[in-house]
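The values are calculated or read from the model by the stated rules, or taken from the named source; none is laboratory data. Keep in mind that this is a model prediction, so the values were computed, not measured. FYI the Cβ positions are ideal-geometry reconstructions off the backbone, even for glycines, and counts take in every protein chain you see.
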Amino acid sequence: MLEQTVPIVSNERDTDRYFRLVVRAPQIALLVQPGQFAHLRILSLKDALLRRPFSIFQVAGETFSILYKAVGKGTDALSRMRPGEELSVIGPLGHGFTVPKPGGETPLLVAGGYGMAAMYLLAQRSPQKGLVFVGGRRRADILCEQEFRALGWEIRVTTEDGSHGEKGLVTQPLLAELRRGTVGRKLFACGPTPMLKAVGQFADEFNVPAELSMDEHMCCGVGVCLTCVIPVKVGESWEYQRTCTEGPVFDSRRIVWETAN
Ligand SMILES: Cc1cc2nc3c(=O)[nH]c(=O)nc-3n(C[C@H](O)[C@H](O)[C@H](O)COP(=O)(O)OP(=O)(O)OC[C@H]3O[C@@H](n4cnc5c(N)ncnc54)[C@H](O)[C@@H]3O)c2cc1C
Ligand code: FES
């Protein structure tokens, strides 16, 4: 984990309120594992002592990128930043996904909205190609579809308004696929908590392993403030664990959904 002030290489609109930000950060880029995140301090925000966490989307040479949605003060300010301006970055942070081993399980990736950002490096580094289930409210929420296809992955798209792909929730085609067979398959998911909970229930019901990237509000990002804790099973009991350090990726069997938000 490193803390560095790094220059923006590009910061361009992807669709609607989604943007792609590329920064030059050779030492951080070298260390990134799929599912890890970067904690950004937007130096142009006067009252922004607080950092914002973003999954590391892609790594290319000396750069890494994030794919983010402008939802509030920090991300709006970020979307106005230009190449050459600087950001303070701590990264790579957190415990990411387990990359499948050669000849190991076939991955089924499940993503809602910007959850796709956490999935790209996993798909790229997995020796087995699998299936990606991606869902969003509408067409503009479906991100980097072509990039996953270019990696040779099959992709199933759902939108709640039916403007792209199948109409409905991302869990519908996933359920149909799990009914077709689960042997040698493993689920990996990133997205809103209700989606993660549904994937966790499928994992139990179909007895298929699953790793879930939990989306909790974070402050320090490095294990100090305890803002980001969730209840996690430990032996016969449970304890609060930090999504920024023990997570954000957890084995779904360990998450205690009854007390999680
Ligand atoms: C591990 C991790 C990885 C993430 N990866 C990405 C990513 O790849 N792309 C991306 O666009 N976003 C990602 N997020 C969410 C991102 O951190 C928030 O959207 C961002 O911090 C909002 O900052 P803001 O100042 O613009 O919003 P604020 O003004 O602080 O809040 C605006 C709205 O965003 C909501 N919000 C704030 N934090 C979160 C959060 N963690 N999850 C859901 N809603 C939130 C607030 O409740 C509020 O409704 C990730 C979050 C975590 C914890
Ligand atoms: S965000 Fe501070 S402990 Fe996790």
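How many of the residues in region 23-44 are out of contact with any Gly (no Cβ under 6 Å at 6 or more places or on another chain) and within 21 Å of residue 79 (Cβ to Cβ)?
We begin by selecting, within region 23-44, every residue out of contact with any Gly (no Cβ under 6 Å at 6 or more places or on another chain); these are 23-27, 29-32, 40-41, 43-44.
Next, only the ones that are within 21 Å of residue 79 (Cβ to Cβ) stay: 23-25, 40-41, 43-44.
Residues meeting the conditions: 7.
Quick grid of which residues meet (1) among the basic types (Lys, Arg); (2) in a strand (DSSP E or B):
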residue	(1), (2)
12	no, yes
15	no, no
19	no, yes
22	no, yes
46	yes, no
64	no, yes
68	no, yes
88	no, yes
key: Candidates 62, 3, filtered to the one that is within 16 Å of ligand 2 (Cβ to nearest atom) and over 20 Å from the mean Cα position of the chain (by Cα)   = 3
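So which of 71, 89, 9 is within 21 Å of the chain's Cα centre (by Cα), outside the structural domain of residue 118 (by TED's automatic domain parsing), surrounded by fewer than 20 Cβ atoms within 10 Å (Cβ to Cβ) and of a type in the set (A, V, I, L, M)?
71
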query = For residue 120, which of the numbered conditions (1) hydroxyl-bearing (Ser, Thr, Tyr); (2) closer than 28 Å to residue 30 by Cβ; (3) more than 16 Å from ligand 1 (Cβ to nearest atom) fails to hold?
reply = (3)
key: Residue selected from region 209-238 under the condition in contact (Cβ under 8 Å) with a residue 40 or more places away in the chain and more than 14 Å from ligand 1 (Cβ to nearest atom), by the criterion nearest to residue 135 (Cα to Cα)   = 210
